[in-house]
Amino acid sequence: MDYIIKLAFVLLIFIYSWFFQIQNQEWDQLRSMLKDANNIAVHDAAQELDETELTRGRLIIDPEDAYDTFQQTLQNNLGLDSGLSPQGGSRFKTQVKIVKFDIIDDSDGVNFPLIYEDSEYGITKYIAGPSVIAVIETEHPVLIFRSKTQQPIRVPAVQEYKFNK
């Protein structure tokens, strides 16, 4: 009887460890997918230039077109609907949220290069030219319920134009 109790205890520890490892692996895969999609989306958003201002020699990113392009690229790359909720077949189980979308360009009256800092999201970046900065997040996958709530998966991305000197 003692042997069976010890065996059951070891089996429970093994199963708990196995689920914990699967949960961590799922977190890692979701974070990687979010990071890749965010990098692609800020790149696409940075391409939405105001052509009229470009003819005047100013690099101005159209904020509405850039945001729409950013959101559309996220939808296409992560299998999301227009509300950024997962569609059937998507790897995600919860909604992806755009928690920050910022454009720094010649319309802001800033002089490049500059140091961009956002302590709320932990971003510090030397920016050489006009940029699109975005932070997206989704809930942490849960296979093992614990008393401590996991922080959401949050990933930043910065796309900048660098000028040749």
| said: Starting from the 7 Å offset along Cα-to-Cβ, what nm value, one decimal, do you get for the label separation of residue 11 and residue 55? | reply: 7.7 nm
| query | Hey, what angle do you get for helix 2-46 against the long axis of the chain, alpha-carbon based, 0 to 90 degrees rounded to 10? | reply | 10 degrees
| said: What is the percent carbon and sulfur in the accessible area of region 77-165, measuring with a 1.4 Å probe over the protein chains and ignoring ligands? | reply: 45 percent
| query | For the chain, what does -39500 (n - 2.57) per DSSP helix run (n ≥ 4), summed and divided by total residues, give at 222 nm, in deg cm²/dmol to the nearest 500? | reply | -14000 deg cm²/dmol
| query | When the dipole is taken about the Cα centre of the chain, and only Lys, Arg (+1) and Asp, Glu (-1) are charged at their Cβ, what size is it in debye, to the nearest 20? | reply | 1020 debye
| Which residue, 125, 97, 35, tops the fluctuation ranking in a GNM of the chain built on C-alpha contacts under 10 Å? | 125
| query | What residue among 94, 73, 124 has the largest mean-square fluctuation in a Gaussian network model of the chain, using Cα springs under 10 Å? | reply | 124
| Against the longest principal axis of the chain, how steep is helix 63-78, in degrees 0 to 90 to the nearest 10, with axes from Cα atoms? | 30 degrees
| remark: the chain, Gaussian network, Cα under 10 Å: of 74, 59, 11, the residue fluctuating most is 11
| Along the charge dipole of the chain, Cβ charges K/R +1 and D/E -1, which of 75, 153, 23 sits furthest on the positive end? | 23
| query | Per residue, how much accessible area does the chain have with a 1.4 Å probe, in Å²? | reply | 63 Å²
| query | Cα-based Rg (one decimal) and Dmax (whole number) for region 9-86, in Å? | reply | 20.2, 73
| query | Which option, (1) 0.96; (2) 1.40; (3) 1.17, is the value of Cα Rg over 2.2 N^0.38 Å that was calculated from these coordinates? | reply | (2)
| Gap in Å between the Cα centre of region 93-165 and the Cα centre of region 37-67? | 17 Å
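The values are calculated or read from the model by the stated rules, or taken from the named source; none is laboratory data. If you're wondering where the values come from, they're calculated on a predicted model, not measured in any experiment. Note that each Cβ is placed from the backbone with ideal geometry, even for glycine, and that neighbours are counted across all protein chains shown. Protein only, heavy atoms only, side chains kept; ligands, DNA and RNA dropped before computing areas. Shrake-Rupley method; radii C 1.70, N 1.55, O 1.52, S 1.80 Å.
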